[in-house]
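Reading through the C-alpha cells given below for one structure.
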Amino acid sequence: MSWTRKLTRPGTVLVALFVLLTSFSSAASAQQADASPTASPLPPSFDLMGPPPPGANDWSCTPSAEHPRPVVLVHGTNMDMESAWSELSPDLAAQGYCVFALDYGRQAAFWDPNYVAWGMGDIAESAKEVAAFVDIVRSTTGAAQVDMVGHSQGGVVARQYLKFDGGADAASPENSAVHRLVTLGATNHGTNFNGLQQLFLIAQSLGLPRVLSEQLLFGQAGSQQLIGSSLLTRLNANGETLPGIDYTVIASRFDDVVTPPERTFLDDHGTGSVTNEWVQDTCPDSTTSHLGLTTDPAMKYVVSSALDPSYSESHTPTCT
C-alpha cells in the first residue's frame, strides 16, 4: 500500500491535521514568546528594587522619532518609584515615551534592620546608582541621551550625577548622557524641613551623636539637604547649571517640605538654560503640596511641555 493511499484513510487524515495544528500552535507560541518584553538587563546590585510603576521599565521599548530620548524618573526621600510615579509614568508612556525608573539610596532603620527605606542613603552614592542605571537604559534602548525628571531629593541626585558622575560633558555638551532635567520641588538650595533643621541643631548642641539625630529625624540624605550642607555647597559651587543641559525647575507656593519653596529655583547666570516656574503660573488656584507635585494634573502638563515643547500647542492644562 502506497503512502498516498494511507493518507486517504479518515483516521490518518485526522492524525495529519492534528500534527499540522500542533505545529501551528507551537509556532504561534514561539512568536508570542518572542513578542514578550525583554528580560531586565539590570545587574544583581539592583535586585532589591521594588516593582516599577505602570508604564515603566519595559526593556523592549524602542524610542520613537517623535520621542527619541527615554525618560528616567528619580524619586525623593523616603519614597520609592512605584509610589512616586504612579501617575506620571503611565501618562508619559501613553504619550509614546520609553519610561524608566529606579529605587536608590536603600537604608535599613537602625531600630529595625528589617525595615528598609529608599532615598535615605548618602546622596553621592545614590548618584552613582543613578549613573549606572542611566548607562544601562542608554545601552539597552540605543539612545544617545536621556531626559530626567526628579522629585525632591531626586532632583539633587540627578544634578549630582550630572556634575560629578558623568551625566554631563561640560567640554563637549553634545556628548552628555542627559539632554533635559525637570525637577519637582527639588531641594536645590536646601530646606529647613519646615523647622526640623532647628530641632536637628538643638539635638546636636545637647550632645546627641549626629548619626543618631539624623536617623531619628530624616536620615543621612535628609541632613545633606539641609540649608548650608557641605554636599549642597559643593554641588552649587562654580555655577548651578552645566552647559548643554536644559533645566525646568517646578515649585509650588504651598510646598510644605522645601521651605521656603523658592529655594528650589536655579540660577543659570544668564545662559538661558533654566526655566523656573510655579505650578501656580499654570493653575493659579492650585494648592498642591510637596508630595502632591508627583500627582498634580498641572504638574503633568508642565512636565510634558518641558520634555516636548510642542505638547502645549495641542493640549491644555487640567486645573483642580
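General observations
- Amide H partners (placed H, <5 Å) of T275, local residues excluded: Y247, T248, V249
- In loop segments of segment 110-147 as defined by DSSP, the chymotrypsin sites (Phe, Trp or Tyr not before Pro) with at most 14 further C-beta atoms inside 10 Å of their C-beta are F110, W111.
- Accessible surface, per residue, of segment 77-136 when the full set of protein chains is kept, probe 1.4 Å, Å²: 39 Å²
- Carbon and sulfur %, accessible surface of segment 73-121 computed with the full protein complex present, 1.4 Å: 47 percent
- If the chain linking Y311 and F46 were pulled fully straight, counting 0.36 nm for each residue of separation and taking away their Cα-Cα distance, it would gain 92.0 nm.
- The mean accessible area for residues of segment 249-320, using a 1.4 Å probe and ignoring ligands and nucleic acids, is 46 Å² per residue.
- For segment 44-59, 3J(HN,Hα) per residue [Karplus equation, 6.51 cos²θ - 1.76 cosθ + 1.60, θ = phi - 60°, Hz, x = Gly/Pro]: x, 4, 9, 5, 7, 4, x, x, x, x, x, x, 9, 6, 8, 6
- Segment 279-298 and segment 119-136: distance between their alpha carbon centers, rounded to Å: 28 Å
- For segment 63-191, size of Cβ-based charge dipole, Lys and Arg +1, Asp and Glu -1, in debye: 260 debye
- A 1.4 Å probe over all protein chains sorts T77, T288 by accessible area into T77, T288, starting with the largest.
- With a cut-off of 10 Å between beta carbons, the residues surrounding E240 carry a summed charge of 0, where Lys and Arg count +1 and Asp and Glu -1.
- Prolate/oblate/rounded call for segment 121-171, Cα gyration tensor, a/c under 1.5 rounded: prolate
- Residues with amide H under 5 Å from that of D169, placed H, sequence gap 5 or more: S176, A177
- Of the peptides 170-182, 147-159, the ranking by mean beta-carbon count within 10 Å, highest at the top, reads 147-159, 170-182.
- Selection from S305, G244, P284, by position along the positive dipole direction of segment 218-313 (Cβ): G244
- Carbon + sulfur, % of accessible area of segment 251-313 - ligands and nucleic acids excluded, 1.4 Å: 48 percent
- Shape of segment 215-300, Cα gyration tensor, a/c cut at 1.5: oblate
The values are calculated or read from the model by the stated rules, or taken from the named source; none is laboratory data. These numbers were taken from a predicted model, which means no experiment stands behind them. Every residue, glycine as well, gets a Cβ built from its backbone with ideal geometry; the counts of neighbours run over all protein chains shown. What goes into the accessible areas is simple: the full protein's heavy atoms, side chains included, and nothing from ligands, DNA or RNA. Shrake-Rupley method; radii C 1.70, N 1.55, O 1.52, S 1.80 Å.
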